[in-house]
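Sending over a structure as structure tokens; questions will come in a sec.
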Amino acid sequence: MDQQEQEPSRPTWSRQIEFTLAGIGCAVGLGNVWRFPYLCYRSGGGAFLVPYLFMLVVLGIPLLYMELTVGQYTRRGPVHALATVCPLLKGVGMASVAISFIMCTYYNVVITWALYYLFSSFQAPLPWQSCNNTWNTPNCTDQATNSSYSSTASQEFFNYRMLDQTSGVEEAGTLRWELFLILILAWILIYLCIFKGVKSTGKVVYFTALFPYVILIALLINNVQLPGASDGIAFFIVPEWEKLRSVEVWVNAAAQIFNSIGIGFGSLLAMSSYNSFNNNVLKDTLFISITNSLTSILAGFVIFSAFGYMSYLQGIPVSQLAVDGPGLVYVVYPQAFANMPVSQLWAVLFFFMLLCLGLDSEFAMVEVMVTSFMDEFYHQVLRIFKRKEFFILVLCGVALLLGIPCVMQVGIYVFQLMDHYTAIVSIMFLAFFEIIAICWSYGVKRLSSNLEEMTGGRPNIFFRLCWLIVDPVLITVILIFSIIQFKPARYGNYVFPPWAQGVGWIIALASIIWIPLGAIHTLWVLPGSLTEKLKLSITPYALNKTKGLYNERGGGNREPSISIISSSTDPQKSPLETNF
């Protein structure tokens, strides 16, 4: 390749703190606000923190360390990184891109809802404060009751004003033009955050990653002074130790760590590829993962102190207020705001916080796609779109169009179906094969050598044991129990019909299918007999050496040394023989 045709050296973050903040923004999302508090409520209150913190130490931190190491060393996004370490499982990287693309099409709808509520919060009184509105039904009540036939004003605002939802996925309804226009605005915001790559993203995260903490702390200070707040906090932290006997609680803790940090999505791996080569990976790993978990705990105090206040006002147990998923932040919490002093101010701050949390997670997912396409098709992209910024604009436009079903009257059912089969089903399979590719095929010894080359020190025995034995076993157990305990998608009391469940499985397969397809393609392009192909397919850099499909070029401050990898292990030995 001529010098003129060479790709430019890979850009790096202007300051390393920008990657750390971007990593926190990617990991800390809406799930910290609605999923973690609900799991604590359902899984024994404070007792849930025992398996949660255990899984953080043995699963979350080691796997994040692994992903950041691979991204920083290979200087590539998930597709090239996985193709480098284990050509046979390069489809895992392709699956990461696919799952990020699917998720970003519907996840931005949650940002759309946050914007809708943010704009609505400037009204006085708040539109979900009473039942005296045109969209309210005769069953609407200003306060929650024990009756299954009544609904609160906040429930009806969410269901009948914002969503104007149909009775099921069988009825598509019409386009909700208000939501569609706000969805366009949401994608414009995403584009403005990422169109200059890490240079623009790095500046945005100074605000979007830090501002939510200001709001969470302000909300906590306000909430703990409300009557009944102590009852809600007690409900959150008082342990029910007998719950720890349930395997489901431990599986839920692992799954929460897994999905919250974002292992397997490729987002943090892609962002770490823009680090300087000698960056301290362990420091970033600890800071991102621990901050993520502390944020979840902080959000739990904020949410449950508000629940205690609502319980005091309405005279009903806290247990009847907890709702999973979007209902927690778009139904229950707005209802609490309606009864607080200066309700409009707290509502504006809260939904602006949700907007920041959503934006951070969304542009991290879009960055996975941008990085992977630019790694793979750099010259083709520039030939067609002339500038990277135009390519990102088209990518955002396509995702916008694919998100339209989520802003129709049937949108909440489409959202729930896509989220269930993408975030729950696909990610577990993807994570399982990622850990096999990196920890067993590529090997712990090679990974340790890479870290030594970058930082001057090898990982300690704890991380090597987790990578080689503990984490693969845990991921396998989680995957098995996820399959055994799998329940079809539902929304509240509505159960999706069989044909909709079938569509859900197609959505799941849209990402998983790339794993076998990638393996087939690797075996097809490698030279030799089938036995030789199989041997080469688990040899790092085999695709580089045979077809020249991937440049070995690094970027930033220093290029990785291929000789250290190839000389650190005997390629004739099996992965388990060379791993440790």
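The values are calculated or read from the model by the stated rules, or taken from the named source; none is laboratory data. Keep in mind that this is a model prediction, so the values were computed, not measured. Neighbour counts run over all protein chains shown; Cβ positions are idealised from the backbone, glycine included.
Quick check on my filter: what residues within segment 455-470 are in a helix (DSSP H, G or I) and crowded, with 21+ Cβ neighbours inside 10 Å? Please lay out each step first, then the result.
Kept after step one, since they are in a helix (DSSP H, G or I), are these residues of segment 455-470: 455, 461-470.
Of everything in segment 455-470, those that are in a helix (DSSP H, G or I) and crowded, with 21+ Cβ neighbours inside 10 Å turn out to be Phe463, Cys466, Trp467.
Table: residues versus (1) closer than 20 Å to Cys40 by Cβ; (2) of a type outside the set (Ser, Thr, Tyr).
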{"residue": "Gly300", "(1), (2)": "yes, yes"}
{"residue": "Tyr309", "(1), (2)": "yes, no"}
{"residue": "Ile316", "(1), (2)": "yes, yes"}
{"residue": "Gln320", "(1), (2)": "yes, yes"}
{"residue": "Ala338", "(1), (2)": "no, yes"}
{"residue": "Leu359", "(1), (2)": "no, yes"}
{"residue": "Glu367", "(1), (2)": "no, yes"}
{"residue": "Val381", "(1), (2)": "no, yes"}
{"residue": "Leu393", "(1), (2)": "no, yes"}
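Would you confirm whether or not segment 395-415 contains a residue that is part of a helix (DSSP H, G or I) and modelled with pLDDT under 85?
The first filter runs over segment 395-415 and keeps only residues part of a helix (DSSP H, G or I), leaving 395-402, 404-407, 411-415.
Subsequent filtering for residues that are modelled with pLDDT under 85 retains none.
No, segment 395-415 contains no residue that is part of a helix (DSSP H, G or I) and modelled with pLDDT under 85.
Pairs needed: first member in segment 370-387, free of Cβ contacts under 8 Å to residues at least 60 places away in the same chain; second member anywhere, of a type in the set (A, V, I, L, M, F, W, C) and surrounded by fewer than 18 Cβ atoms within 10 Å (Cβ to Cβ); C-beta distance under 8 Å; at least 6 residues apart or different chains.
Phe385/Val394
Right, next: Go through the residues of segment 282-295 one by one and say whether even a single one is polar (S, T, N, Q) and closer than 30 Å to Pro125 by Cα. I'd like the intermediate steps shown before the answer.
Taking segment 282-295 and keeping what is polar (S, T, N, Q), we get 285, 289, 291-293, 295.
Right, trim to closer than 30 Å to Pro125 by Cα and you get none.
Within segment 282-295, not a single residue is polar (S, T, N, Q) and closer than 30 Å to Pro125 by Cα.
Next question, about the same structure. When segment 160-191 is examined, which residues are found to be touching a Lys or Arg at 6+ places or on another chain (Cβ under 9 Å) and more than 24 Å from Phe101 (Cα to Cα)?
The initial filter retains those residues of segment 160-191 that are touching a Lys or Arg at 6+ places or on another chain (Cβ under 9 Å), namely 162-164.
Matches in segment 160-191: Met162, Asp164.
Check Arg76 against each of (1) crowded, with 24+ Cβ neighbours inside 10 Å; (2) part of a helix (DSSP H, G or I); (3) of a type outside the set (Phe, Trp, Tyr) and name the one condition it does not meet.
(2)
Is it fair to say Gly29 is under 27 Å from Trp467 (Cβ atoms) and modelled with pLDDT under 85?
Values: under 27 Å from Trp467 (Cβ atoms): yes; modelled with pLDDT under 85: yes.
When the stated conditions are applied, Gly29 passes them.
Moving on. Within segment 255-282, track down each residue that is surrounded by fewer than 24 Cβ atoms within 10 Å (Cβ to Cβ) and either assigned to a loop (DSSP other than H, G, I, E, B) or at pLDDT below 85 (or both).
Those that are surrounded by fewer than 24 Cβ atoms within 10 Å (Cβ to Cβ) and either assigned to a loop (DSSP other than H, G, I, E, B) or at pLDDT below 85 (or both): Ala255, Phe258, Asn259, Ser260, Ser276, Phe277, Asn278, Asn279, Asn280.
If you don't mind, another one. Between Ile221, Ile215, which is aliphatic (A, V, I, L, M) and either farther than 26 Å from Arg35 by Cα or in contact with a helix residue (DSSP H, G or I) (Cβ under 8 Å, 6 or more places away or on another chain) (or both)?
Working: Ile221 fails: either farther than 26 Å from Arg35 by Cα or in contact with a helix residue (DSSP H, G or I) (Cβ under 8 Å, 6 or more places away or on another chain) (or both).
From the options Ile221, Ile215, the qualifying one is Ile215.
Would segment 82-91 turn up any residue that is among the β-branched types (Val, Ile, Thr), under 25 Å from Pro459 (Cα atoms) and crowded, with 24+ Cβ neighbours inside 10 Å? Write out each step before concluding.
Within segment 82-91, the first condition is being among the β-branched types (Val, Ile, Thr), and the residues that meet it are 84-85.
Right, trim to under 25 Å from Pro459 (Cα atoms) and you get 84-85.
The next check asks that each one be crowded, with 24+ Cβ neighbours inside 10 Å; those that pass are 84-85.
There is at least one residue in segment 82-91 that is among the β-branched types (Val, Ile, Thr), under 25 Å from Pro459 (Cα atoms) and crowded, with 24+ Cβ neighbours inside 10 Å.
Here are some residues: Phe496, Phe432, Phe486. Which one is among the aromatic types (Phe, Trp, Tyr) and in contact with a His (Cβ under 9 Å, 6 or more places away or on another chain)?
It is Phe496.
Out of everything in segment 142-198 that is among the basic types (Lys, Arg) and assigned to a loop (DSSP other than H, G, I, E, B), what residue ends up being modelled with the highest pLDDT? Break it down stepwise before answering.
If we filter segment 142-198 for residues that are among the basic types (Lys, Arg), which is where we start, we get 161, 176, 196.
With the extra rule that they be assigned to a loop (DSSP other than H, G, I, E, B), the set shrinks to 176, 196.
Values: Arg176: 91, Lys196: 72.
This residue is Arg176.
Ok, one more. Aromatic (Phe, Trp, Tyr), modelled with pLDDT under 90 and in contact with a helix residue (DSSP H, G or I) (Cβ under 6 Å, 6 or more places away or on another chain): does that describe Tyr41?
On the way: aromatic (Phe, Trp, Tyr): yes; modelled with pLDDT under 90: yes; in contact with a helix residue (DSSP H, G or I) (Cβ under 6 Å, 6 or more places away or on another chain): no.
It is false that Tyr41 is aromatic (Phe, Trp, Tyr), modelled with pLDDT under 90 and in contact with a helix residue (DSSP H, G or I) (Cβ under 6 Å, 6 or more places away or on another chain).
Examine segment 102-120 for a residue that is part of a helix (DSSP H, G or I), buried (at least 24 other Cβ atoms within 10 Å of the Cβ), in contact (Cβ under 8 Å) with a residue 24 or more places away in the chain and in contact with a His (Cβ under 8 Å, 6 or more places away or on another chain), and state whether such a residue exists.
Checked against the condition, which is being part of a helix (DSSP H, G or I), buried (at least 24 other Cβ atoms within 10 Å of the Cβ), in contact (Cβ under 8 Å) with a residue 24 or more places away in the chain and in contact with a His (Cβ under 8 Å, 6 or more places away or on another chain), segment 102-120 yields no hits at all.
Separate question: Taking the options Leu244, Leu286, Leu220, name whichever one is in a helix (DSSP H, G or I) and touching a Pro at 6+ places or on another chain (Cβ under 9 Å).
Details: Leu286 fails: touching a Pro at 6+ places or on another chain (Cβ under 9 Å); Leu220 fails: touching a Pro at 6+ places or on another chain (Cβ under 9 Å).
Answer to the selection: Leu244.
When you go through Ser272, Ser293, Ser267 one by one, which is the residue that is in contact with a Gly (Cβ under 6 Å, 6 or more places away or on another chain) and touching a residue at least 24 places away in the same chain (Cβ under 8 Å)?
Numbers: Ser293 fails: in contact with a Gly (Cβ under 6 Å, 6 or more places away or on another chain); Ser267 fails: in contact with a Gly (Cβ under 6 Å, 6 or more places away or on another chain).
Going through Ser272, Ser293, Ser267 in turn, just one is in contact with a Gly (Cβ under 6 Å, 6 or more places away or on another chain) and touching a residue at least 24 places away in the same chain (Cβ under 8 Å): Ser272.
Condition test on Ile288, is it buried (at least 18 other Cβ atoms within 10 Å of the Cβ), within 24 Å of Lys487 (Cβ to Cβ) and not polar (S, T, N, Q)?
Numbers: buried (at least 18 other Cβ atoms within 10 Å of the Cβ): yes; within 24 Å of Lys487 (Cβ to Cβ): no; not polar (S, T, N, Q): yes.
For Ile288, the condition - buried (at least 18 other Cβ atoms within 10 Å of the Cβ), within 24 Å of Lys487 (Cβ to Cβ) and not polar (S, T, N, Q) - is not met.
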